[in-house]
1. Output yes when any residue across region 124-135 is modelled with pLDDT under 85 and either crowded, with 17+ Cβ neighbours inside 10 Å or outside any helix (DSSP H, G or I) (or both), and no when none is.
2. Only residues in region 116-137 that are over 14 Å from N154 (Cβ atoms) and free of Cβ contacts under 8 Å to residues at least 60 places away in the same chain count as the first member; pair them with residues that are open to solvent by 60 Å² or more (accessible area, probe 1.4 Å) and assigned to a helix (DSSP H, G or I), Cβ under 7 angstrom, at least 6 apart or cross-chain, and list the lot.
3. For region 70-96, enumerate the residues that are surrounded by fewer than 19 Cβ atoms within 10 Å (Cβ to Cβ) and in contact with a Phe, Trp or Tyr (Cβ under 7 Å, 6 or more places away or on another chain).
4. Among the helices (runs of 4 or more DSSP H) lying completely within region 188-242, list those that include at least 3 residues that are at positive phi and at pLDDT 85 or above.
5. Just checking, does region 74-94 include any residue being under 19 Å from I223 (Cα atoms), in a helix (DSSP H, G or I) and in contact with a Cys (Cβ under 6 Å, 6 or more places away or on another chain)?
6. Given the condition open to solvent by 10 Å² or more (accessible area, probe 1.4 Å) and aromatic (F, W, Y), answer yes or no: does some residue in region 142-153 qualify?
7. Here are some residues: M113, M51. Which one is within 21 Å of I126 (Cβ to Cβ) and modelled with pLDDT under 65?
8. Scan region 2-12 for residues that are more than 11 Å from H79 (Cβ to Cβ) and either among the basic types (K, R) or open to solvent by 50 Å² or more (accessible area, probe 1.4 Å) (or both) and jot them down.
Amino acid sequence: MQCYSFIKTITILFNFLIFLCGVALLAVGIWVSVDGQSFLKIFGPMSSSAMQFVNVGYFLIAAGAVLLALGFLGCYGAHTENKCALLMFFFILFLIFTAEVAAAVVALVYTTMAEHFLTLVIVPAIQKDYGSQKDFTQVWNSTMEGLKCCGFNNYTDFENSPYFKENKVFPPYCCFDNVVNSTDTEGCTQKKAEDKAVQGCFNQLLKSIRTNAVTVGGVAAGIGGLELAAMIVSLYLYCNMK
C-alpha cells in the first residue's frame, strides 16, 4: 500500500511537470507563429536551422497540446483514481512511442528518399520566395550563416529566385569568403560558386547530426525510457485501483 501511494504521488508530480512543459511549448509555439523574427533575434542564427524543414511554430503548438493533454490525463487519472483517464494516458503514450520508433527506422533507412521529397518541396519555395519574401529570406540567411551552407542542395537552388534575377549573383553564403570580404564588389558569381562548392544545408545538417550521434541517440533513448516507464507505472496504477 505504501509503495502504491508513493508511485501515485510521483506520477502526479511527474505529470504536473509534463503539463507545465506543455503550457510552455504552447506559449513558445504561438510566439514563433505570431512573431518569428523576434524569436530568431533572441536565440540567434542557429535557432533557424530546423525552420527550413518544419514549421517550428505549428510543431511546437502541436507538441505542447499533446503534452498538455498527457499531463492532464496523468494527473487527473492518478489523483482521482480514474481508470478511464489512465487508460487513455497509456494509449496516447503508446501511440507516441510507436510513432517515434517508426520515425527513427524511416530516418535511418530512407534518408535518400526523405532528401528527394524535401527537395521537391523546399527548392521550389526558394526559387519562388528568396529575395522577395523578407521573413523567408532572413530565415534562410540565418540558416546558411549558422551552418556555413548554401541552399538546400547547393548554389543552383537560387538560379531562378527573385534574388538572382534582380542581382545576377548568388547569395554571398554560396561563396562563403564573400560574407566577410567587404572589398569584393563583384559578388558571388557562378564561377566563384562552382569553385567554392559550398555544401547544401541538408547535408550540413545531416553531418551535424552524425557528429553528435551519441548525444542524439542518448537523448532519444532517455525519452524512450521515460515513456516506457510512464506506461508501466500507469498500468501498475490501473491494475491496483479498486
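The values are calculated or read from the model by the stated rules, or taken from the named source; none is laboratory data. In this text, all values refer to a predicted model and were calculated from it rather than measured experimentally. Reconstructed Cβ throughout: ideal geometry from the backbone, glycine too, with neighbour counts over all protein chains shown. Only protein heavy atoms, including side chains, enter the accessible area calculation; ligands, DNA and RNA are left aside. Shrake-Rupley method; radii C 1.70, N 1.55, O 1.52, S 1.80 Å.
1. No; the residues of region 124-135 include none that is modelled with pLDDT under 85 and either crowded, with 17+ Cβ neighbours inside 10 Å or outside any helix (DSSP H, G or I) (or both).
2. G131/E166
3. Answer for region 70-96, where residues must be surrounded by fewer than 19 Cβ atoms within 10 Å (Cβ to Cβ) and in contact with a Phe, Trp or Tyr (Cβ under 7 Å, 6 or more places away or on another chain): F72, N82, K83, L87.
4. Numbers: elements: 190-196, 201-211, 213-240.
In region 188-242, no matching helices (runs of 4 or more DSSP H) lie anywhere.
5. no
6. Within region 142-153, not a single residue is open to solvent by 10 Å² or more (accessible area, probe 1.4 Å) and aromatic (F, W, Y).
7. M51
8. Narrowing region 2-12 to residues more than 11 Å from H79 (Cβ to Cβ): 2-7, 10.
Answer for region 2-12, where residues must be more than 11 Å from H79 (Cβ to Cβ) and either among the basic types (K, R) or open to solvent by 50 Å² or more (accessible area, probe 1.4 Å) (or both): Q2, C3, S5, F6, I10.
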